[in-house]
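Structure record follows, encoded as structure tokens.
Read-outs throughout are calculated quantities, based only on the coordinates presented, and are distinct from any laboratory measurement. Source: prediction; values computed, not measured. Backbone-built Cβ (ideal geometry, glycine too); neighbour counts: all protein chains shown.
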Amino acid sequence: MSSPDILVVGAGAAGIAAARAVLRAGRTVQVLEARERPGGRAWTDSTTLGAPFDLGATWLHQAGENPLTPLAAGLEPFDHDAVRRHVCFLDGRLATEAEMADYDTAYAAFHPRLQAALATAPRDASAADDAPRGGFWDATVAHWEGPVIAAAPLAAMDLRDFMATQLGGPNLLLPGGIGGLLAGLAAGLPIACGAVVERLRWGEAEGVVAEGGFGRVAARAAIVTLPTAVLAAGGVRFDPALPPATEQAFHDLPLGLLTKLGLRAAGDDRLNLGPFTGLERRVSREDETAMTFIAWPFGRDHLMGFLGGEAAWALEREGEAALTDFAFAELRRAYGGRADRALRRAGALASRWGGDPFARGAYSHARPGRAGARLDLAAPLAGGRLCFAGEACHPRFAGTVGGAWVTGEAAARAALATQS
Ligand SMILES: Cc1cc2nc3c(=O)[nH]c(=O)nc-3n(C[C@H](O)[C@H](O)[C@H](O)COP(=O)(O)OP(=O)(O)OC[C@H]3O[C@@H](n4cnc5c(N)ncnc54)[C@H](O)[C@@H]3O)c2cc1C
């Protein structure tokens, strides 16, 4: 590897965006990626289920403002919201229309309540402090907003950051997967795969030096895009030590966990669910272990299961068989023995982001009182010689591929400025 102008550590959305921006500016770049593939937490498996299945990022959220929407234009993006419907089970039966209307009412009250609390909430308020509780559907709403969508309990998340990072539609799905999109955007970039960066020296007057089993790469500036949980665990040694505010930000922006499971149909039974129908159940506690499903995306013969928060960490530790057992137990609550006949246990596909040493979780949230950590992390160091980027750095679109992309481009601008 020759000495590039800019070194990028990590080839996820942020690293790919940064590398493309450096090349567009007419400078040279080298990307060092630990895994044997680019894409990071956006990864599409196209073989196990006989159709593409995103193990990580699934939707392009808030598509009108998402920088990846125009880049996905030729990939048949599909507006999920246009066909979105869901069924909800409680006590082993389908909720009635009146019960669903009550559920919708409870959901509609959630965000306005938290929004109203912002004006007077203490600096370290969590998203749980003012969440509605006690109503028949409140725990189910909290379960969705915490573990399922944000991948962590509401009490673990800063109220202001939680509200600032709320996402809206349109929510686009890609038939070939978000991982497929990013793999295409990475094509042709100078990415060295299997290159685990162990140490980064950034105190040199002349630039930076990355070291690992691959050897040593020197550059004028470096952009580090690793997940905050990897950085907090000391995945890279920085020499000299980082400023305390940067180091603290790694710890104040932990990753929650969302696990995805793909289960294939055994025959023709589609459980009376149309393509893209959401299947969920009422829970009585926010932290109840519960799995939700989206049926037969694009008319394909698999269900997508989602399990988030503490339950996801626990079941990932128990292993894939335990996760599949749990998914079947959930489906049996709604369909009894029909679930065992309709779906195959063999050939299930599960994500394992928690134990993955290059992710250590799904996506970030801010600890109560630490909404400011995102900007602390994104602040360029040594005049741009060392910049951090990645989903955790975006104060509005944190936790998304689009947010990661924007921070990668911003870091590239800061790093390039060191050389002008
Ligand atoms: C289950 C799940 C569902 C999700 N759903 C959505 C969704 O629907 N929509 C959405 O927008 N987002 C979603 N996300 C979040 C989205 O995937 C991330 O926000 C985004 O991909 C993060 O990109 P990044 O570049 O910041 O980090 P990453 O993609 O994690 O990239 C960092 C890269 O650094 C590499 N690396 C780590 N350590 C080293 C090292 N020491 N040396 C070199 N390289 C290293 C990693 O291998 C990785 O490739 C989801 C994530 C998960 C896990």
Per residue Cα convex hull volume in Å³ - calculated over segment 186-251 | 101
Projected area, mean over directions - segment 262-343, Cα convex hull, nm² = 5.3
Taking segment 291-420, how much of its Cα-Cα pair set, in percent, is spaced more than 21 angstrom apart?
-> 58
What net charge is computed for the residues neighbouring D124, neighbours being all others with C-beta under 14 Å from the C-beta of D124, Lys and Arg scored +1, Asp and Glu -1?
-> -1
Only Lys, Arg, Asp and Glu count, each charged at its Cβ (+1, +1, -1, -1), so figure out the dipole size of the chain about its Cα centre, rounded to 20 debye.
-> 700
Projected convex hull area of segment 92-207, Cα atoms, direction-averaged, in nm², equals 14.2
Taking the alpha-carbon centroid of each part, what is the distance from segment 92-113 to segment 159-228 in angstrom?
-> 40
In nanometres, the difference between 0.36 nm per residue of separation and the alpha-carbon distance of R341 and E36 is 106.1 nm
Translational diffusion of segment 351-420, µm² s⁻¹ [Kirkwood Rh, Cα pairs; Stokes-Einstein; 37 °C; 0.692 mPa s] = 254
DSSP bridge pairs, the chain: antiparallel proportion in percent, nearest 5 = 65
Starting from the eigenvalues of the Cα gyration tensor, five times each then square-rooted, give me the equivalent ellipsoid semi-axes of segment 19-175, largest first, whole Å.
-> 35, 23, 15
What are the semi-axes of the equivalent ellipsoid of segment 142-234, taken as the square roots of 5 times the eigenvalues of the Cα gyration tensor, listed largest first and rounded to whole Å?
-> 34, 21, 13
Stokes-Einstein, Kirkwood over Cα pairs, segment 73-138, 37 °C, 0.692 mPa s; D in µm²/s equals 220
For the chain the mean separation of alpha carbon contacts under 8 Å (6+ apart) over residue count, i.e. relative contact order in percent, is 26
So what's the net charge close to A150: Lys and Arg +1, Asp and Glu -1, counting the other residues with Cβ under 12 Å from its Cβ?
-> -4
What fraction of the Cα pairs in the chain, stated in percent, has a spacing above 34 angstrom?
-> 31
Rounded to the nearest 20 Debye, what is the dipole magnitude of segment 62-155 about its Cα centre when Lys and Arg each give +1 and Asp and Glu each give -1 at the C-beta?
-> 120
Send over the Kirkwood Rh of segment 125-170, from the inverse of the averaged 1/r over different Cα pairs, rounded to one decimal Å.
-> 10.9
Quick note on S126, S3, S351, ordering by fewest other C-beta atoms within 10 Å, gives S3, S126, S351
Extend 7 Å from the Cα of R237 along its Cα-to-C-beta direction; within segment 196-226, residues with backbone N under 14 Å of that point are 197-202, 210-213
Computed for segment 198-347: size of charge dipole around the Cα centre, +1 on C-beta of each Lys and Arg, -1 on C-beta of each Asp and Glu, debye to nearest 20, value 600
In whole Å, largest first, the alpha carbons of segment 257-298 cover along the principal axes 35, 21, 17
